[in-house]
1. To the nearest 20 Debye, how big is the dipole of the chain about its Cα centre, given +1 on the beta carbon of each Lys and Arg and -1 on that of each Asp and Glu?
2. For segment 63-148, state which trypsin sites (Lys or Arg not before Pro) are in a DSSP loop and have at most 15 other beta carbons lying within 10 Å of their beta carbon.
3. Which of the trypsin sites (Lys or Arg not before Pro) found in segment 144-174 are in a DSSP loop and have at most 14 neighbouring Cβ atoms, other than their own, within 10 Å?
4. For residue 70, go through the lysines and keep the ones whose alpha-carbon is under 21 Å away, minus same-chain ones fewer than eight residues off.
5. Please turn the phi angles of segment 106-113 into ³J(HN,Hα) values with the Karplus equation 6.51 cos²θ - 1.76 cosθ + 1.60 (θ = phi - 60°), one per residue in order, whole Hz, x for glycine and proline.
6. Can you give me the relative contact order of segment 54-149 as a percent, contacts being Cα pairs under 8 Å and 6 or more apart?
7. Charges only on Cβ, +1 for Lys and Arg, -1 for Asp and Glu: so what's the dipole of segment 86-185 about the Cα centre, in debye to the nearest 20?
8. For segment 19-141, compute Rh as the Kirkwood radius over C-alpha pairs and then the Stokes-Einstein diffusion coefficient at 4 °C and 1.567 mPa s; write the answer in µm²/s, rounded to an integer.
Amino acid sequence: MIVILLGPPGAGKGTQARVMAEKYGFKHLSTGDALREECSNNTTVGRKAREYMDEGLLVPDDIIFEIIRKNISQHRDILLDGFPRNISQAVRLDSILKDISRKISYVFYLETDDKILIKRLTSRRVCPVCGKIYNIITLPSSRGSYCDIDGAELSQRDDDKTGVVKKRLAVYKTETHPLVEFYSEKELLYTIDGEKDIEALLMDISAIIDKGGSNGH
Ligand code: AP5
């Protein structure tokens, strides 16, 4: 099964992806996480990607497909988080999937208001070791500014500073939001209320997946 989580920055894609991967055994594939790993390893790809990420812009498609190609044929149940990010990536994904006789099962669009997104992003903290996502207001670590799993000091993403957040939201609207219509026309889109709490969101998504039907291939 191939599932896409679509939505603006801060809609909760990474958070839901982690709980869904745990519940259903999906391979969680986040292009954002993969790019951040390239950045922290200071690879050629990472250095190039950072120029765009620090400005809140999309990284060029060719870099993204280097990451995607490696993974997409290796796993049966895949959860795509933060990809595709524009129409050209979506069209290219369709063509790759056609070549390997696979199809997208569900696209879950986490609809969330801008004011909530800005608040969530500027108060997000992440563990640099295990990637666990926290929020100093709604989901703090039980160990203060240290990860409650591995004790590493939590950090704020460079692109979660207010100026960059506003740019990312603007880029989302022009580049990524058109995918809502793209997947709606293909009858793959399910709109989920991204303002509900994490558990309620998981229940809404699970109700659709568990119902299965013709999409659940
Ligand atoms: P990426 O890492 O994909 O960032 P994003 O899409 O902007 O999304 P975020 O990770 O910021 O938010 P999220 O929706 O995952 O929310 P989260 O669960 O963390 O991309 C970063 C950059 O990489 C891009 O700007 C671009 O440069 C590049 N890039 C990545 N993919 C690319 C691609 N395909 N093409 C080109 N460039 C690409 O939650 C946020 C906060 O809210 C957390 O604190 C969390 O605890 C809290 N929260 C989550 N859910 C809830 C809830 N239901 N209720 C209350 N709080 C919640």
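Any read-out appearing in this document is the output of simple, stated calculations on the displayed coordinates, not a laboratory observation. This structure is a prediction, so every number in the text was calculated from the model and none was measured. No Cβ is skipped: glycine too gets one built from the backbone with ideal geometry, and neighbour counts run over all protein chains shown.
1. Roughly 240 debye, rounded to the nearest 20.
2. Listed in order of number, the matching sites are 76, 103.
3. 161
4. Candidates past the 8-residue exclusion: 27, 48, 98, 103.
5. Values per residue, Gly and Pro as x: 9, 10, 9, 9, 8, 7, 8, 6 Hz.
6. 11 percent
7. 180 debye
8. Rounded, D is 80 µm²/s.
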